[in-house]
Amino acid sequence: MNVSDESADRDVSLPAPSRRARGAVLLCLTVLGTAGALFAVRKPLMMSAPRCLAGRWHGCLDTFNGVVLVTLAALPLAFLVAWALAHRRRAAGVAGAWRMSLAEVGMVHGTVPFLWLTMMPGAGAGTVPGRVSLVPLRDLVTMGPLGIAGNLLVLASLGFFAPMRFVAVASVPRVLALGAGCSVLVETAQYVLRLDRVSSVDDVLVNAAGAVLAALASRRWWRGAPADAPSERPRPAPTPTG
């Protein structure tokens, strides 16, 4: 055995980082980040709490604060649904039960509220004709940082979880096509329903970019991706010596 074979064997024998430890660290960072964000926006959210608790439509589900509050309040229910789906799949011997279940629930819970917000009618809904902006990058200036961040998040959950659930979507070009297609449908619906909103090509571009960026963040967990393969390389067959 030569020196290169010995170094290869040492590399293979080194213990791989624990996936459970990495997952725990990621979970802690997510919880801390979420808690910090909730602390920062606690006052606006609490303004909608009385109306939401009373089951009132106006002031709850027709406002940004109300939709965000309901979405956050539904997180325990979403996790319970994911747990039930994963438990059923594990009992049936399905591989990747937790990943599939979390991806399905995450796509729905993380996308529907943003779609609801984008479809909220403006003050002139039904009377103001539909408006279209087809010049790329013209509306980015008027969006501002908050508007751009919001548009990046509209389809972020879809881009993050869809490749984890469906092999057919597990590539950057396909995620881009999925995000752009979904955004075009939303902008078309805004125009057809005359919601007093501007159907802008920049919204499509930013929505699709948000889906791609989120997909890149979850790439190691994509279904059928190389990350699913065993992390250790096979040991080379011993060379017979004469």
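Bear in mind these aren't lab numbers, they're just calculated from the coordinates by the rules spelled out. Nothing here was measured: the structure is a model prediction, and the numbers come from that model. Please note: Cβ atoms are built from the backbone with ideal geometry, for glycine as well, and neighbour counts cover all protein chains shown.
Results, tabulated for the structure shown:
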quantity: Residue-wise HN-Hα coupling along region 71-86, computed from phi with Karplus coefficients 6.51, -1.76, 1.60 (Hz; x: Gly, Pro); calculated: 4, 5, 5, 8, 4, x, 5, 5, 5, 5, 5, 4, 5, 5, 5, 5
quantity: Two-decimal log10 I(q)/I(0) for region 99-228, as the Debye equation yields it once each C-alpha is a single scatterer, q = 0.18, 0.20 Å⁻¹; calculated: -0.92, -1.07
quantity: Hz values of 3J(HN,Hα) by residue in region 143-152 - Karplus curve (6.51, -1.76, 1.60), Gly and Pro given as x; calculated: 5, x, x, 5, x, 5, 4, x, 5, 5
quantity: Simple label model, 7 Å out from Cα along Cβ direction - Leu213 to Ala91, nm; calculated: 4.2
quantity: Arg42 versus Thr188: modelled label distance in nm, points set 7 Å from Cα along the beta carbon direction; calculated: 4.5
quantity: Around Phe161: net Lys/Arg minus Asp/Glu count, Cβ-Cβ under 11 Å; calculated: +2
quantity: Rounded to whole Å, sorted largest first: equivalent-ellipsoid semi-axes of region 21-131, Cα gyration tensor; calculated: 32, 19, 14
quantity: Placed amide H near Ser133: partners under 5 Å, 5+ positions off or other chain; calculated: Ser199, Ser200, Val201
quantity: Label-point gap, in nm, between Ala149 and Leu32 - each point 7 angstrom along Cα→Cβ; calculated: 1.9
